[in-house]
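Since every read-out is calculated from the coordinates, none of them should be taken as a lab result. Note that the structure is predicted; figures quoted are calculated from it, not measured. Here Cβ is always computed from backbone atoms with ideal geometry, including for glycine, and neighbour counts include all displayed protein chains.
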Amino acid sequence: MKILVLGYTGFIGENLFNRLKNDGYDVVGCSRSSGVDLLDYKQVYNCLKDTKPNVVYNLASHGGSMHYVNSYAAEVFSDNLQMSLNLYKAINNLDPTIKIIQPFSNCSYPGKSDIQCEEEWLDGDVHPSVFSFGNSKRSIFYLSKCYKQQYGIRSVNILFPNTYGPGDSLDPNHTHALNGMIIRMLEAQKNGENQFVVWGTGAPIREWAYIDDFIEVLIRCLSIEGQEYPVNMGQTKGHSIADSALLIKKACEFEGEIVFDTKYKDGDPMKVVDGTQFKELFKDFVFFDHYQGILKTVEYYKERK
Ligand SMILES: NC(=O)c1ccc[n+]([C@@H]2O[C@H](COP(=O)([O-])OP(=O)(O)OC[C@H]3O[C@@H](n4cnc5c(N)ncnc54)[C@H](OP(=O)(O)O)[C@@H]3O)[C@@H](O)[C@H]2O)c1
């Protein structure tokens, strides 16, 4: 089996690429910085023609912070869609037996849902704070459904919660939420600060996926024939922001105090994915322990300080 990882320089892509290589898979990667711009149909077509994959992981993405996806809403929406439009068209023109595996972020759920159940995924608008990004992922689902309907192209779509772990950017402004908190707390420790400020009350509950679990699921998707309507990856288990901050404090051995700046508004009280269908799909899946995941991430950033 030949595997192509699109976006193999990103947080998810790099971790997946390394794991596939270590496991002995025949894998190649591409991304814009390695010379393939997926916004250009010809480059996508040539990349597929040259690499001849049986499976493509579609991990190339244009995203960023809430502020970023709002400021660049048009580019974020159209780039994400355009990359996938090019991918499906090129696969159809070259070899419709190629299977696509692609993760969607759970921010594509309706803004109002607290426990996110698959049946309700499209049952309401994406939250305005992530409208462009969330809707671009929903659009890729519609695309996969139409290509399956007309041309029989197989896609495995899966919804993931916010992810943390080693291998993400070192810049707190470009990393994902939990990793950002770890970077900032290590920074506070380095500067000898005696307080770490969490924005808001710390009460909101969030589910987090540890990177190794994310990658394990992507690899297990190799044995799934097709799954257009996505299943959640998750365990219906959340942690309050305050609890996560305390776990990070323990893992960093930060001696200062955690304080909550309630001038900042909290987001939704709860965002947890319903893991019932996931349990049925991957019966023996064991999730990584949250504190151990934080410890490993702290080690990763400490080594790079
Ligand atoms: N990270 C999470 O918490 C999370 C959670 C759920 C789902 N997901 C999904 O997982 C996927 C990957 O996320 P990520 O966090 O790994 O993203 P990321 O770190 O931002 O990486 C994005 C990747 O896309 C590539 N890329 C962007 N524009 C490109 C273009 N025009 N042509 C070619 N390559 C391009 C980048 O390549 P260059 O750097 O070379 O430009 C990079 O390799 C996304 O679909 C995301 O929605 C992520």
Exercise. First measure r as the distance between the Cβ atoms of Ser223 and Asn191, then evaluate 1/(1 + (r/R0)^6) with R0 = 35 Å and state the FRET efficiency to the nearest 0.05.
Key: 0.15
Quiz prompt | Links that overshoot a 30 Å alpha carbon limit, given the list Lys89/Lys279; Lys190/Lys265; Lys52/Lys137; Lys49/Lys302; Lys99/Lys279; Lys279/Lys302 | solution = Lys89/Lys279; Lys49/Lys302; Lys279/Lys302
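Of all the stretches in the chain, which is the longest one without any exposed loop site, taking GluC sites (Glu not before Pro) in a DSSP loop (any state but H, G, I, E, B) with at most 12 other Cβ atoms within 10 Å?
Result, exposed sites excluded: 1-224.
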Quiz item: D for the chain, whole µm²/s, Stokes-Einstein with Kirkwood Rh over alpha-carbon pairs at 25 °C and 0.890 mPa s: what number?
Solution: 122
Quiz prompt | Helix runs (DSSP H) in the chain reaching 27 Å along axis by Cα, Kyte-Doolittle at least -0.5 | solution = 73-94
Exercise. Using Cα pairs closer than 8 Å and at least 6 residues apart in sequence, work out the relative contact order for the chain, in percent.
Key: 18
Practice problem: May I have the extent of the alpha carbons of the range 140-279 along their three principal axes, as whole Å values ordered from largest to smallest? | Solution: 60, 28, 26
Exercise. Could you let me know the centre-to-centre spacing of the range 1-58 and the range 254-297, using Cα atoms, in angstrom?
Key: 29
Quiz prompt | Average Cα contact separation per residue, the range 1-134, under 8 Å, 6 or more apart, as relative contact order % | solution = 25
Exercise. Tell me the label-point distance for the pair Lys305, Glu120, using the 7 Å Cα-to-Cβ offset, in nm and rounded to one decimal.
Key: 4.2
Quiz item: Once fully extended, how much extra length lies between Met270 and Lys2, figured as 0.36 nm per residue of separation less the alpha-carbon to alpha-carbon distance?
Solution: 92.5 nm
Self-check item: Cα-Cα pairs of the range 1-132 separated by more than 20 Å (percent)
Solution: 51
Exercise. Run through the DSSP bridge list for the chain and note the antiparallel percent, rounded to the nearest 5.
Key: 10
Exercise. Name the residues whose placed amide hydrogens come within less than 5 Å of the amide hydrogen of Val198, ignoring near sequence neighbours (fewer than 5 apart) on the same chain.
Key: Val259, Phe260, Asp261
Quiz item: Which loop-located chymotrypsin sites (Phe, Trp or Tyr not before Pro) does the range 220-278 contain, where loop means any DSSP state but H, G, I, E or B and the Cβ has at most 13 other Cβ atoms within 10 Å?
Solution: Tyr264
Quiz prompt | Between the range 175-203 and the range 138-158, the alpha-carbon center distance in angstrom | solution = 40
Practice problem: Have a look at Asp212, Asp79, Asp243 and tell me which one the Gaussian network model of the chain (Cα, springs below 10 Å) gives the largest fluctuation. | Solution: Asp243
Exercise. State the antiparallel share, in %, of DSSP beta bridges confined to the range 1-126, rounding to the nearest 5.
Key: 10
